[in-house]
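Visitor: Pasting a structure below so you can have a look.
Just so it is clear, none of the values below were taken in a lab; they were calculated from the coordinates. Predicted model, so just to flag it, every value in this text is computed and none were measured. Cβ atoms come from the backbone with ideal geometry, glycine included; neighbour counts cover every protein chain shown.
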Amino acid sequence: MVETPPSYDELFPGRFLKATVDLKDGDRTYTIQALHTEEFPAKSKGGKPEVRGILTFAETNKQMTLNRTNAECLFGLWGETVNWIGKRVTFFAKNVRAFGSTKLAMRVRGSPDLEASRQIEIHVNGETRVVTMNKTGPGAKLNGGKPPPAKMQIIDVPAGEEEPTP
């Protein structure tokens, strides 16, 4: 039997969740256990160090660095960060355009802790967008009543086009 080799990203395991590795089989739900900030070295010589939020989860040893989009979604779901602890959040993989290229990123789909799906406003890069946060979990109706795909789908975003909303 021929063994399937690991993906490129699987060659470099680390302490943080990766969409290409941890969401390759579809959506995942994690329970937020803790949130703290951490300073990361400057990305370029002469640049400033960057402080980022770090989420820790009950179900995995891996953590997640928060970007503005995901932090805005969590804030839209539960308000101030003190309310995030103990909440379950469902992530999905999505191709996003950032820093001149398209890559797979983790995005918030919603939570099993919601009573029903609802729309929230997020504010990223000077723009306000309305996104739907879905009630997830067994029996949840997503994508217009269709269940999410069993396997991750990689969708290329043509240059110059906006990424689709969740």
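Visitor: Subtract the Cα-Cα distance of S117 and F75 from 0.36 nm times their separation in residues, and report this length gain in nm to one decimal.
Guide: This chain segment gains 13.6 nm when fully extended.
Visitor: Under the 0.36 nm per residue contour assumption, what length would be gained going from the current alpha-carbon distance of T102 and K43 to full extension? Walk me through the numbers on the way to the answer.
Guide: Working: separation 59, 0.36 × 59 = 21.24 nm, distance 1.88 nm.
Separation in residues times 0.36 nm, less the Cα-Cα distance, equals 19.4 nm.
Visitor: I'm a student and want to see the number: the projected area of the Cα convex hull of region 20-74, averaged over all directions, in nm².
Guide: About 4.9 nm², averaged over all directions.
Visitor: Would any residue of region 88-111 have its amide N under 11 Å from a label point 7 Å out along Cα→Cβ of N125? List them or say none.
Guide: Only 96-102 fall inside the zone, counting backbone N under 11 Å.
Visitor: Could I ask something else about it? What area, in nm² and to one decimal, does the C-alpha convex hull of region 13-135 cast on average over all directions? Show your work: numbers first, answer last.
Guide: Values: hull surface 33.4 nm².
In nm², the orientation-averaged hull projection of region 13-135 is 8.3.
Visitor: Further, regarding this structure: What residues qualify as long-range amide H neighbours of N95, i.e. H under 5 Å apart, gap of 5 or more or another chain, H built at 1.01 Å from N?
Guide: Result for N95 returns A105, I155.
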